[in-house]
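Notes follow once the structure below has been shown.
The values are calculated or read from the model by the stated rules, or taken from the named source; none is laboratory data. Because the structure is a prediction, the values reported are computed rather than measured. In this analysis, Cβ positions are derived from the backbone assuming ideal geometry, glycine residues included, and neighbour counts consider all displayed protein chains.
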Amino acid sequence: MGVALITPFNNDGSVDYNALVRLVEYQVQNGTDFLCVLGTTAETPTLTAEEKQKIKNTVIERVNGRIPILLGVSSNCTQTVVDTLTNDDFTGVDAVLVAVPYYNKPSQEGIYQHYKAIAQVSKVPIVLYNVPGRTGVNMTAETTLRLARDFKNIVAIKEASGNITQMDDIIKNKPENFDVISGDDGITFPLITLGAVGVISVIGNAFPREFSRMTRLSLAGDYNNALTIHHKFTELFKLLFVDGNPAGVKAMLNMMGMIENRLRLPLVPTRITTFEEMKKILDSLKIKC
């Protein structure tokens, strides 16, 4: 289980680096296998270049090699990603996460050429990220498999298309050295039963110990116990995303006393009704998981 790390903010809107350090340590101490830094859940589009650099350095320093770090370097401009991978220091970074270009709506050939250009310059392994709900275009199984076969440093995909048939097609036909990772907490359990190797999780920010246990039980084939944990979180899955990500998980972390319930516009906190519903199930989850 990897965790798509949130970016905590102070009430004045600045990045709360002290809370970030506490959150990283909470992850490391509670079973998280790797951290995904500066992804969607981090509200990366609202961060300045200086903030992104400091967040990256802060996490790398605190982790200190104890678990791997997957760093988000997505852009809808191919040359921007190429320049980043060519010029930036990736010491302490184990792999990069690169989303399908958003807003541009490229063709499948355009998506392939985007990743080809990136693969040709990257010194670290690449994890593809297919999330059509945010990018506006789906990377097909055919394109994913073509990339997986053509470039050895493209090692995995975070699949968040919501299309189980497509994901199963990738798992069935992928090269041996290419992994499929769930990009959606709610379908992690069924996807692992099909052959996925894990998840990049949002809910893991708040419940790393419980959700990593569910993931490991699933991978070990202990489906009954894994399913029990999955079902305990089913209601929370809906609540965490009903008002958008990361509003839900930030509200949960706020209830747990770990961060301020602050987001950067255009994102806003969860509605009061959602907040209250999450609060009702928090204590029972703590007791039962």
field: Among (1) in a helix (DSSP H, G or I); (2) in contact with a strand residue (DSSP E or B) (Cβ under 9 Å, 6 or more places away or on another chain); (3) under 27 Å from ILE259 (Cα atoms) - the single one VAL199 does not satisfy
entry: (1)
- request: Give the residue that is surrounded by the fewest Cβ atoms within 10 Å (Cβ to Cβ), with candidates limited to residues of the range 136-189 that are closer than 23 Å to GLN120 by Cα and of a type in the set (Ser, Thr, Tyr).
  value: THR140
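Consider the range 52-70. How many of its residues are of a type outside the set (Lys, Arg) and under 20 Å from VAL98 (Cβ atoms)?
Let us first name the residues in the range 52-70 that are of a type outside the set (Lys, Arg), namely 53, 55, 57-61, 63-65, 67-70.
From the residues that got through so far, the ones that are under 20 Å from VAL98 (Cβ atoms) too are 53, 55, 59-60, 68-70.
The total comes to 7.
Quick one: would you say ARG213 is surrounded by fewer than 22 Cβ atoms within 10 Å (Cβ to Cβ) and over 21 Å from GLY72 (Cβ atoms)?
Values: surrounded by fewer than 22 Cβ atoms within 10 Å (Cβ to Cβ): yes; over 21 Å from GLY72 (Cβ atoms): yes.
Criteria met by ARG213.
Here is a list: ALA148, ALA196, ALA226, ALA160. Which entry is small (Gly, Ala, Ser), touching a Ser or Thr at 6+ places or on another chain (Cβ under 9 Å) and under 25 Å from ASN76 (Cβ atoms)?
Details: ALA148 fails: touching a Ser or Thr at 6+ places or on another chain (Cβ under 9 Å); ALA196 fails: under 25 Å from ASN76 (Cβ atoms); ALA226 fails: under 25 Å from ASN76 (Cβ atoms).
Selected residue: ALA160, the only one of ALA148, ALA196, ALA226, ALA160 that is small (Gly, Ala, Ser), touching a Ser or Thr at 6+ places or on another chain (Cβ under 9 Å) and under 25 Å from ASN76 (Cβ atoms).
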Within the range 171-194, tally of residues that are in contact with a helix residue (DSSP H, G or I) (Cβ under 7 Å, 6 or more places away or on another chain) and among the small types (Gly, Ala, Ser): 2
field: Hits in the range 29-52 - residues which are in contact (Cβ under 8 Å) with a residue 60 or more places away in the chain and on the phi > 0 side of the Ramachandran plot
entry: GLY31, GLU43
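Kindly provide the set of residues from the range 249-259 that are buried (at least 17 other Cβ atoms within 10 Å of the Cβ) and either in contact (Cβ under 8 Å) with a residue 40 or more places away in the chain or not small (Gly, Ala, Ser) (or both), ordered by number. Reasoning before the result, please.
In the first step, residues of the range 249-259 are kept if they are buried (at least 17 other Cβ atoms within 10 Å of the Cβ); the result is 249-254, 258-259.
Across the range 249-259, the qualifying residues are VAL249, LYS250, MET252, LEU253, ASN254, MET258, ILE259.
Have a look at TYR115, TYR26, TYR129 and point out the one that is buried (at least 18 other Cβ atoms within 10 Å of the Cβ), out of contact with any strand residue (DSSP E or B) (no Cβ under 6 Å at 6 or more places or on another chain) and in contact (Cβ under 8 Å) with a residue 40 or more places away in the chain.
Numbers: TYR115 fails: in contact (Cβ under 8 Å) with a residue 40 or more places away in the chain; TYR129 fails: out of contact with any strand residue (DSSP E or B) (no Cβ under 6 Å at 6 or more places or on another chain).
Within the list TYR115, TYR26, TYR129, the selection yields TYR26.
Given the options LEU267, LEU240, name the one that is part of a helix (DSSP H, G or I) and either within 21 Å of PHE9 (Cβ to Cβ) or among the polar types (S, T, N, Q) (or both). So that I can check it myself, show each step before the final result.
Numbers: LEU267 fails: part of a helix (DSSP H, G or I).
It is LEU240.
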Residue that is modelled with the highest pLDDT, among those in the range 265-289 that are under 17 Å from ASN205 (Cβ atoms) and in contact with a Ser or Thr (Cβ under 8 Å, 6 or more places away or on another chain): LEU267
query: So GLY162 fits all but one of (1) farther than 21 Å from ILE55 by Cβ; (2) modelled with pLDDT of 95 or more; what number is the exception?
result: (2)
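For residues in the range 37-65 being outside any helix (DSSP H, G or I) and surrounded by 14 or more Cβ atoms within 10 Å (Cβ to Cβ), which is nearest to the chain's Cα centre (by Cα)? Show your work before the answer.
Of the range 37-65, the ones outside any helix (DSSP H, G or I) are 37-39, 43, 47-48, 64-65.
With the extra rule that they be surrounded by 14 or more Cβ atoms within 10 Å (Cβ to Cβ), the set shrinks to 37-39, 43, 47.
On the way: VAL37: 8, LEU38: 9, GLY39: 6, GLU43: 12, LEU47: 17 Å.
By that ranking, first place goes to GLY39.
Of a type outside the set (A, V, I, L, M, F, W, C), loosely packed, with under 15 Cβ neighbours inside 10 Å and modelled with pLDDT of 95 or more: is that true of GLY195 in this structure?
Numbers: of a type outside the set (A, V, I, L, M, F, W, C): yes; loosely packed, with under 15 Cβ neighbours inside 10 Å: yes; modelled with pLDDT of 95 or more: yes.
Against the criterion (of a type outside the set (A, V, I, L, M, F, W, C), loosely packed, with under 15 Cβ neighbours inside 10 Å and modelled with pLDDT of 95 or more), GLY195 qualifies.
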- prompt: If only one of TYR102, TYR26 is of a type outside the set (S, T, N, Q) and assigned to a loop (DSSP other than H, G, I, E, B), which one is it?
  reply: TYR102
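Look through LEU227, LEU282 and report the one residue that is under 20 Å from TYR26 (Cα atoms), touching a residue at least 12 places away in the same chain (Cβ under 8 Å) and assigned to a helix (DSSP H, G or I).
Working: LEU227 fails: under 20 Å from TYR26 (Cα atoms).
The unique qualifying residue is LEU282.
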